[in-house]
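A short worksheet on the structure shown next.
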Ligand SMILES: *Cc1c(COP(=O)(O)O)cnc(C)c1O
């Protein structure tokens, strides 16, 4: 690679990105056994933010460890936010992102809640775009594979004392991935969590901040011990209304109508969730964003009206739910993926990978010059 400086202009924003070349490039993994988050590419993006200066020192550099002062704020008070999106290679070799502006805006909302600097939308997209241009050969091409993009920010200043920081780091790393769950598109079993809570209105449920996930692991492990792969979270106040699953939003098809939790501050506003709602409405389905109590859900299942249940998220796209249990009683058991779940999976992945026409203008092409 000869280019030493990458220099871009788009709209108002312009990151001057320094390129530091790697001495050696890694061998690419076998596309048939990528798993999820196991492999990382040759380069990463890194940029600093200093109080009084703003964002500065953007660079694309060899992927590798970075130093941490033992007093680094993020290690003590977990001021960290992240995003997750994917790049796809189309049959004719184009590179597509899916609604990156939604991730950029959500990242701003997360950072605002956590009192961290808000990266301009164009800079967020540009950082990703330039890193992917360098790493384009890492985008896998087999069906159901993609290049997962992980942007994140954290407090880097060494200081003990709970406060916002004078130094943050923004980084992007890339990981070629296959399907998120070992099961692939096979239905997963879900335990309705009645002991722990994930989020409450007024908290950080609507943000992708590391702390949310740290505190969810115990429920996840206990569910696994009971033989389930994920938990379905109920609202934190009444322990009554269904909210979401692990790292996915959740939708239920009840008597032909799709029901999902409303966005009131405790549920993560998923890009996939929003896309599914738009797709479903366009195809003429009735979609309700409303409170759904666990009692109503169990009743619908017992009356045979719960047609399908599935999770939605970037990592898995659609994850059909095969089994649902509440207080050790299985009330929904459907070993096969349902027709609406399958249709949504095929349509959305079709748009994302350029196989189907994108009527919504959701895809964003990265042009290699
Ligand atoms: C990331 C995430 C989702 C899904 O969001 P997408 O934008 O669709 O990937 C849902 N719930 C939680 C808790 C998440 O972290």
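Since every read-out is calculated from the coordinates, none of them should be taken as a lab result. The structure displayed is predicted, hence computed values, not measured ones. Because the Cβ atoms are built from the backbone with ideal geometry, glycine has one as well, and the counts that use them run over all protein chains shown.
Cut-off 10 angstrom, C-alpha nodes, Gaussian network model of the chain. Which of 282, 305, 105 fluctuates the most?
Comparing 282, 305, 105 in the GNM, the peak value goes to 282.
Specify the residue with the greatest mean-square fluctuation among 68, 45, 82, computed from a Gaussian network of the chain linking alpha-carbon atoms under 10 Å apart.
Highest fluctuation of the listed residues: 68.
Gap in Å between the Cα centre of region 226-259 and the Cα centre of region 36-73?
Answer, in whole Å: 35.
Going by alpha carbons, how many degrees (0 to 90, nearest 10) lie between the helix axis of 100-113 and the longest principal axis of the chain?
90 degrees
Using 7 Å Cα-to-Cβ label points, what is the residue 30/residue 286 separation (nm, one decimal)?
With each label placed 7 Å out from Cα toward Cβ, I get 5.0 nm.
Whole number please: convex hull volume per residue, Cα atoms of the chain, in Å³.
It comes to 147 Å³ per residue, whole-number rounded.
By how many degrees, 0 to 90 and rounded to 10, does the Cα axis of helix 121-134 deviate from the longest principal axis of the chain?
Helix 121-134 sits roughly 70 degrees off the main axis of the chain.
Which residue, 356, 73, 306, has the most motion in a Gaussian network model of the chain that connects Cα atoms within less than 10 Å?
Looking only at 356, 73, 306, the biggest GNM fluctuation is shown by 356.
Label point 7 Å out from residue 214 along Cα-to-Cβ: which residues of region 69-85 have amide N under 18 Å?
69-83
Helix 339-352 sits at what angle to the longest principal axis of the chain, using alpha carbons and giving 0 to 90 degrees rounded to 10?
Helix 339-352 and the main axis of the chain meet at about 10 degrees.
Hey, what's the Cα Rg ratio for region 95-215 versus the globular rule of thumb, 2.2 N^0.38 Å?
Taking the Cα Rg and dividing by 2.2 N^0.38 Å, one obtains 1.27.
Sort 313-319, 198-204, 270-276 by packing, meaning the average of other beta carbons within 10 Å per residue, with the highest value first.
313-319, 270-276, 198-204
Using only alpha-carbon positions, what ratio does the radius of gyration of region 224-369 give when scaled by 2.2 N^0.38 Å?
Ratio of Cα Rg to 2.2 N^0.38 Å: 1.09.
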